[in-house]
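Some notes on the structure that comes next.
The values are calculated or read from the model by the stated rules, or taken from the named source; none is laboratory data. Being a predicted model, the structure only gives us computed values, none of them experimental. Positions of Cβ are generated from backbone atoms using ideal geometry, with glycine treated the same way; all protein chains shown enter the neighbour counts. Heavy atoms of the whole protein, side chains included, go into the accessibility calculation; ligands, DNA and RNA do not. Shrake-Rupley method; radii C 1.70, N 1.55, O 1.52, S 1.80 Å.
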Amino acid sequence: MQLGPNTSTPVRQQMLAGLIGQGISLSRTPAMHMAEAATQGLQGLYRLLDTDTPRLQGKPLAEILNAAELAGFDGLNITYPYKIEVIGLLDQLSPNAQAVGAVNTVVLRDGKRFGHNTDLWGFAQSFRQGLLPDAKLDNVLLLGAGGAGVAVAFALIECGVRHLSIFDADHGRAQGLADQITRRFPDSQVTAITDIAQHVAASRPDGVVNATPVGMAKLPGSAFPLDLLDARMWVADVVYFPLETALLAAARAKGCRVLPGSGMAVFQAVRAFELFTGRKADPTRMKATFDAFDAKPVQRTKF
């Protein structure tokens, strides 16, 4: 399944899009998309399809996707825990999504569903342009091998990480991701680990990236043991609601350089907006909206 050259999105004069995920009431994605649409003179509407809400709780992803398609949505963002599950419900995948094996953006057009992954580019752009342009990349520990973790792992290798270690509560999933990256980047050094404390003590990683959902408002805490933090480490998190996770707060207090999830959230949205509308988005404007958003729950779509 690959997208051909004839699948580029035509320029639209309006946009109806949404985000499917669990526990996403604090998402800033709707505000970013609707503000950018308004600035460009589009009629823009972006809805949250939160499977923690009574109307959607327990409903299969396929049913929600079908309902959005019937309602005339132009596209959907996909977040935890559906980035891998959604692949089986799509008609075609972009080369990027096919390589990563996870989808966070679905374009609905002409009765077809096209899957893309903008997380990879979003994290890489955030990493390169954000706080960590000169970070040491000899040895990095990634927590999480799910939908977000897959994209982040690929991005880290593309950003120059020399040795990537991957931990996941499901070791088989971590090993599968390590094998996947090694097939795509034969010269990379990627290993799956089973014990975080043992690994940190033995290898002293330069950086730690949390790509698990732990730290979200609905899943508080830290996937990385906070007592293992070292001031010489840099620490990144993909979670952005709350923006200051327990991991980042502890890392700042320890003196670590940190990279919050806001950068990835903004840049993935920039690329998704283009896929939905056929129009270029302004990253500076979208970041300003992200920073100004008061994180109040956004109106939810009812089916």
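Looking only at the stretch 144-177, which residues are open to solvent by less than 60 Å² (accessible area, probe 1.4 Å) and in contact with a Ser or Thr (Cβ under 6 Å, 6 or more places away or on another chain)?
The answer is Gly144, Ile157, Ser165.
Give the residues of the stretch 188-239 that are open to solvent by 30 Å² or more (accessible area, probe 1.4 Å), more than 16 Å from Val140 (Cα to Cα) and not small (Gly, Ala, Ser), sorted by residue number.
Hits for the stretch 188-239 are Pro213, Val214, Lys218, Leu219, Pro220, Leu226, Asp227.
Which ranges mark the strands (runs of 3 or more DSSP E) fully within the stretch 118-224 that have 3 or more residues being closer than 26 Å to Pro242 by Cα, under 19 Å from the mean Cα position of the chain (by Cα) and touching a residue at least 40 places away in the same chain (Cβ under 8 Å)?
Result: 139-143, 207-210.
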